[in-house]
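K.L.:
Dumping the structure here so I can ask a few things about it.
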Amino acid sequence: MAMKIYQSAEDYLETVLALKQRNGYVRSIDIVNELGFSKPSVSIAMKKLRENGYIEMDANSYISLTPAGMDIADKIYTRHRVLCDFLIRIGVSEQTAAEDACKIEHDLSDETFEMMKKHIAGMHDDAK
């Protein structure tokens with residue numbers, strides 16, 4: 001049975017993935033700077049994620065995603081990108097699209113998300 005993961009944990013895992021892709025490495029201070037949370041809050045979250053098997057920290061305090069953490073982070077990050085793209089294509093400003101995608105990405109059903117992806121693919125086909 002899969003453990004219920006909370007939205008905040010999904011956000012942290014997504015942030016770890018995005019920072020790793022952007023910088024090539026991730027430390028807790030990078031997450032503090034990215035999300036604007038306090039150092040103690042990020043420290044507690046990283047401890048919980050590590051205890052639950054979603055991240056690992058090496059001797060130099062660099063954070064990496066475990067396969068379980070990567071699965072969740074990749075799912076949320078993909079949803080975010082697709083939702084942003086969809087919202088921008090229908091005329092929403094880039095900043096609002098990014099903010100709204102963050103709100104939607106966690107609660108949207110798999111069925112609705114798959115239909116949105118099909119619709120977007122159709123939009124690409126129509127543009128040709």
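K.L.:
If you go through segment 27-43 one residue at a time, do you hit one that is within 15 Å of ASP11 (Cβ to Cβ) and in contact with an Asp or Glu (Cβ under 8 Å, 6 or more places away or on another chain)?
P.N.:
The answer is yes; a qualifying residue exists.
K.L.:
Now a separate question. Counting only residues that are free of Cβ contacts under 8 Å to residues at least 24 places away in the same chain and surrounded by 14 or more Cβ atoms within 10 Å (Cβ to Cβ), give me the helices (runs of 4 or more DSSP H) lying completely in segment 18-128 with at least 1 of them.
P.N.:
28-35, 39-51, 67-89, 94-104
K.L.:
Here is a check on your reading of the model: is LEU13 in contact with a strand residue (DSSP E or B) (Cβ under 7 Å, 6 or more places away or on another chain) and crowded, with 18+ Cβ neighbours inside 10 Å?
P.N.:
So LEU13 fits the description; yes.
Since every read-out is calculated from the coordinates, none of them should be taken as a lab result. Worth saying up front: this structure is predicted, and the values here are computed from it rather than measured. Here Cβ is always computed from backbone atoms with ideal geometry, including for glycine, and neighbour counts include all displayed protein chains.
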